[in-house]
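Notes for the one structure printed next.
None of the figures in this text is laboratory data; all of them are computed from the coordinates on show. Quantities reported herein were computed from a predicted structural model and do not represent experimental measurements. Methodologically, a virtual Cβ is constructed for each residue, glycine included, from the backbone with ideal geometry; neighbour enumeration extends over all protein chains shown.
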Amino acid sequence: MREFFAAVVVSLGLGGFAQAQEAEIEANILAQMDAFRADDFGAAFDYASPAIRQIFRTPENFGAMVRNGYPMVWRPGDVRFLDLRDVAGTLWQKVMIVDRDGRVHILDYQMIRGENGWKINGVQVLGANDPAA
């Protein structure tokens with residue numbers, strides 16, 4: 001019986017950790033979107049992982065890529081967070097974005113933990129109009 005209660009206490013503690021982790025990931029994604037809305041590519045670049053920063057080298061290059069390749073992220077309308085999943089040891093946050101024209105986009109954000117918190121390590125467009133995509 002003692003082991004059962006210990007397991008419950010541990011699982012409750014881990015649940016709180018998972019919720020805090022999820023909240024931090026969501027806050028980082030939203031903060032990057034807010035930076036894009038303000039055309040503050042330097043701030044948006046700060047939320048990118050070191051690998052992404054190395055690929056694009058400057059906030060201006062990064063901003064141009066997002067503006068041209070991910071306009072729904074550059075100028076999002078409504079944003080809703082869906083599943084946070086662990087896939088082979090990597091966390092993926094599914095996000096539904098309704099763009100300013102009313103189109104629905106489902107994106108998957110790969111998140112990595114760095115020295116200064118969670119960073120965005122890539123984004124995949126999964127589909128449109130289907131939150132289960």
message = I'd like the Karplus ³J(HN,Hα) series for region 29-36: coefficients 6.51, -1.76, 1.60, θ = phi - 60°, whole numbers in Hz, and an x wherever there's a Gly or Pro.
response = 4, 5, 5, 5, 4, 4, 5, 4
task = Enumerate the calculated ³J(HN,Hα) couplings along region 46-51 in order (Karplus 6.51 cos²θ - 1.76 cosθ + 1.60, θ = phi - 60°), each rounded to whole Hz, writing x wherever the residue is Gly or Pro.
result = 5, 8, 7, 5, x, 5
key: Sequence-distant residues sharing a close amide H with Leu126 (under 5 Å, placed H)   = Ile106, Leu107, Asp108
task = Mind ranking 57-64, 32-39 by how tightly packed they are, going by the mean number of other C-beta atoms within 10 angstrom, highest first?
result = 32-39, 57-64
